[in-house]
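Working notes for the structure below.
The values are calculated or read from the model by the stated rules, or taken from the named source; none is laboratory data. What you see is a predicted model, and the numbers here were worked out from it, not measured in a lab. Cβ coordinates were reconstructed from backbone atoms using ideal geometry, including for glycine residues, and neighbour counts include every protein chain displayed. Each accessible area value is taken on the protein alone, full model and side chains, heavy atoms only, with ligands, DNA and RNA left out. Shrake-Rupley method; radii C 1.70, N 1.55, O 1.52, S 1.80 Å.
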Amino acid sequence: MATWRVQSLARLKVSGEGVSGSAADEQRVESRALVSWRFDRTTAGALKGAGQVDSFTVRTSFDNSKGTMLPTMPALLLLDAVMDSALVRVTTRPPLANECDRPEAGAAALARELLVRIPNGILAGERWKDSTVTLVCRNGVPMTVYSTVISTLEKLDDRQLVLRRELVTRLEGKGGSAFRSLELAGTATGSQRVEIAAAGGTVERLEGTSTLTMQATERTPGNAARTQQIVQKVEVRAERVR
């Protein structure tokens with residue numbers, strides 16, 4: 001079983017109607033974890049894996065003025081994964097009954113960053129595309145996320161593979177109640193550089209950045225709709241622990 005140290009730093013800025021004072025300042029959310037994965041190849045050729053997330057912590061600038069690292073998951077999070085020629089799927093074990101605003105969902109997302117699909121027989125300079133549709137929930141609002149990743153194998157030798165990945169994401173969702181409804185819509189773009197050991201196909205290092213721009217529209221009876229814009233810039237880094 002291989003282990004990685006994974007870190008994600010998100011910087012958020014909110015603007016628009018009803019935003020003033022400290023709410024308009026840039027906010028930071030930093031997530032860290034130790035992630036472990038082990039994979040075996042099935043008779044059908046797919047990879048079936050088991051993993052875990054340990055020491056998952058989140059530090060935010062808006063709910064903790066001292067910036068102290070706060071644990072959000074007291075125990076190990078166990079994961080299962082399947083990766084084949086068409087998809088990558090990660091689930092918690094046991095599955096969460098409700099993923100909305102659960103820290104386990106954030107921890108699983110960090111672990112998923114380490115699962116990189118490479119088609120059989122790919123050559124240096126060639127490209128391939130992966131597309132997925134997933135459901136997530138943020139602040140009580142269910143959202144559909146459409147993701148596309150275009151990967152290019154920039155380098156291939158006896159020692160390592162180097163991938164350049166371009167990410168495009170679109171999301172949309174609606175939620176709320178009869179007295180207050182909320183609509184979310186956004187797009188994100190980003191890139192990643194991934195170094196993979198040629199011998200075992202294990203990610204050695206991953207670095208990436210992305211920018212999400214999202215519109216949030218709130219509607220209440222008898223009032224005009226209020227719209228805010230959220231811009232989120234994310235840096236992700238992962239490195240294998242020897």
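Annotations for the structure displayed:
- Residue check, G208 crowded, with 16+ Cβ neighbours inside 10 Å and closer than 20 Å to L34 by Cα: yes
- Some residue of the range 7-22 being part of a helix (DSSP H, G or I), surrounded by fewer than 17 Cβ atoms within 10 Å (Cβ to Cβ) and at pLDDT below 85: yes
- Near pairs, Cβ below 6 angstrom, 6+ apart or cross-chain, from the range 1-15 (closer than 19 Å to A107 by Cβ and aromatic (F, W, Y)) to any residue that is modelled with pLDDT under 95 and crowded, with 18+ Cβ neighbours inside 10 Å: W4/L114
- Meets criteria (under 15 Å from the mean Cα position of the chain (by Cα) and under 22 Å from F39 (Cα atoms)) for T169: no
- Residue within the range 218-235 that is modelled with pLDDT of 95 or more and either open to solvent by 80 Å² or more (accessible area, probe 1.4 Å) or not in a strand (DSSP E or B) (or both) present: yes
- Close pairs from the range 157-175: first under 22 Å from L135 (Cα atoms) and hydroxyl-bearing (S, T, Y), partner assigned to a loop (DSSP other than H, G, I, E, B) and at pLDDT 95 or above, Cβ under 6 Å, at least 6 apart: none
- Residues (part of a loop (DSSP other than H, G, I, E, B) and farther than 18 Å from G208 by Cα) located in the range 98-113: N98, E99, C100, D101, R102
- Residues that are over 16 Å from the mean Cα position of the chain (by Cα) and small (G, A, S), drawn from the range 81-119: S85, A86, A97
- Selection status of G121, modelled with pLDDT under 85, at positive phi and either crowded, with 17+ Cβ neighbours inside 10 Å or not hydroxyl-bearing (S, T, Y) (or both): no
- Cβ-Cβ distances below 9 Å connect no pair with a first residue in the range 53-70 that is farther than 30 Å from T91 by Cα and modelled with pLDDT of 90 or more, a second residue that is charged (D, E, K, R) and part of a strand (DSSP E or B), and a separation of six or more residues or different chains.
- Which listed residue, of V116, V149, V145, V136, is among the aliphatic types (A, V, I, L, M), under 18 Å from L79 (Cα atoms), in a strand (DSSP E or B) and open to solvent by less than 60 Å² (accessible area, probe 1.4 Å): V136
- The single condition from (1) over 30 Å from S181 (Cα atoms); (2) open to solvent by 20 Å² or more (accessible area, probe 1.4 Å) that V162 fails is (2).
- Residue in the range 199-211 that is among the acidic types (D, E) and modelled with pLDDT of 95 or more present: yes
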